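Structure record follows, encoded as structure tokens.
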Amino acid sequence: MAATARSITSLNSVVERFGDLVLPLELDVTDEMAVHQAIDAVEERFGGIDILVNNAGQAVMGAVEEVSTAQAREQMEVNYFGALSATQAVLPRMRERRSGRIIQISSMGGVVSLPTMGSYHATKWALEALSQALAGEVAEYGIHVTLVEPLTFPTELGSGAPQMPEYDSARAGVMAGFAGSGIGPGDPAAAGKALLAIADADNPPLRVLFGANGLALIRPEFERRLALWEQWDDIAQLSQGAPSA
């Protein structure tokens, strides 16, 4: 097993628990060359990579007007381009072996987009689109792709942009929605067991929610989308123009 982190000292507990079974590597996923070097080191040490878990993440919370372009770019570099680099690095040898698992840690925010979280959700929507396309591309090589979509878990992932009072009501509305949804903080240890179950599954899913009651939020979202498309279908037909003769 190989584990990476921006600071290798943060992996001390993993090394203490697993000893020589784990290869700790210091890695910033925004450094594409470093990502490929790390993948090469793991391949050389273990003779191959069976499962890649892209777990690096950053969350800058704020309304669209509040989050700076620099913050949005940095967030995309970690959440999307970092996962892209690691995925591209493992694919050639997974294809050669005609086997492999790629697990992308996405988010419930890769399925819905809530006010005051737009720039974060945008990174996860990008990851979702990439991964769904990838799943169709690599299935013939025996490679499975799974998007893990956690609800809320206690992590140090998030930071906040400077808040503008103009968006306080939007923030309050989101918090009230969570309070009434039945969605509570998940247990990271339990999530680890669930992740192992996905890794061991003979036919893992393309998408899986992590956390209880997520469907209560997501199902109405998709019902609203379908209803809106149907409501405005006359405009869709109008835009098609007259059929060719």
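The values are calculated or read from the model by the stated rules, or taken from the named source; none is laboratory data. No experiment lies behind these values; they were computed from the predicted model shown. For neighbour counting, all protein chains shown are included, and Cβ atoms are generated from backbone atoms with ideal geometry for every residue, glycine included. We work out accessible area using only protein heavy atoms, side chains counted, and drop any ligands, DNA or RNA first. Shrake-Rupley method; radii C 1.70, N 1.55, O 1.52, S 1.80 Å.
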_Rounded to 10°, Cα long-axis angle of helix 214-231 versus longest principal axis of the chain_ = 40
*asked:* Residues of region 107-130 with backbone nitrogen within less than 12 Å of a virtual label 7 Å along the Cα-to-Cβ line of ALA170, please, listed as ranges.
replied: 114-120
*Hey, what's region 167-245 come to in accessible area per residue, 1.4 Å probe, Å²?*
73
*asked:* Based on C-alpha coordinates, I'd like the Rg and Dmax of region 37-120, in Å.
replied: 15.8, 48
_Label-point separation, ALA242 to SER7 (7 Å along Cα→Cβ), nm_ = 6.9
*Relative intensity, log₁₀ I(q)/I(0), of region 90-228 from a Debye sum that treats every alpha carbon as a point, q = 0.08, 0.12, 0.22 Å⁻¹*: -0.27, -0.58, -1.46
*asked:* With θ taken as phi - 60° and the coefficients 6.51, -1.76 and 1.60, list the Karplus ³J(HN,Hα) couplings across region 33-43 in order, rounded to whole Hz; mark glycine and proline as x.
replied: 5, 5, 4, 5, 5, 5, 4, 4, 5, 5, 4
*Using r as the Cβ-Cβ distance of ALA189 and LEU21, and R0 as 25 Å, what FRET efficiency do you calculate, to the nearest 0.05?*
0.80
*Give the shape of region 93-137 as rounded, prolate or oblate, defined through the alpha-carbon gyration tensor: a ≥ b ≥ c are the square roots of its eigenvalues, a/c under 1.5 means rounded, and otherwise the shape is prolate if a/b is larger than b/c and oblate if not.*
prolate
*Please label the shape of region 182-245 as rounded, prolate or oblate, based on the square roots a ≥ b ≥ c of the eigenvalues of the alpha-carbon gyration tensor (a/c under 1.5 means rounded; beyond that, a/b larger than b/c means prolate, else oblate).*
oblate
*From the square roots a ≥ b ≥ c of the eigenvalues of the alpha-carbon gyration tensor of region 1-63, which class results: rounded (a/c under 1.5), prolate (a/b over b/c), or oblate?*
oblate
*Could you bin all the Cα-Cα distances of the chain into 10 Å bins starting at 0 and give me the percent of pairs in each, rounded to whole numbers?*
7, 26, 34, 21, 10, 3, 0, 0
*Roughly how tilted is helix 188-200, in degrees to the nearest 10 and between 0 and 90, from the longest Cα axis of the chain?*
80
*Added length on full extension, which subtracts the Cα-Cα distance from 0.36 nm per residue, ASP28 to GLU96*: 21.8 nm
*How far is helix 82-97 tilted off the main Cα axis of the chain, in degrees rounded to 10, range 0 to 90?*
60
*Which whole-number percent is the relative contact order of the chain (Cα, under 8 Å, 6+ apart)?*
18
*Radius of gyration and Dmax over the Cα atoms of region 162-206, both given in Å*: 17.5, 50
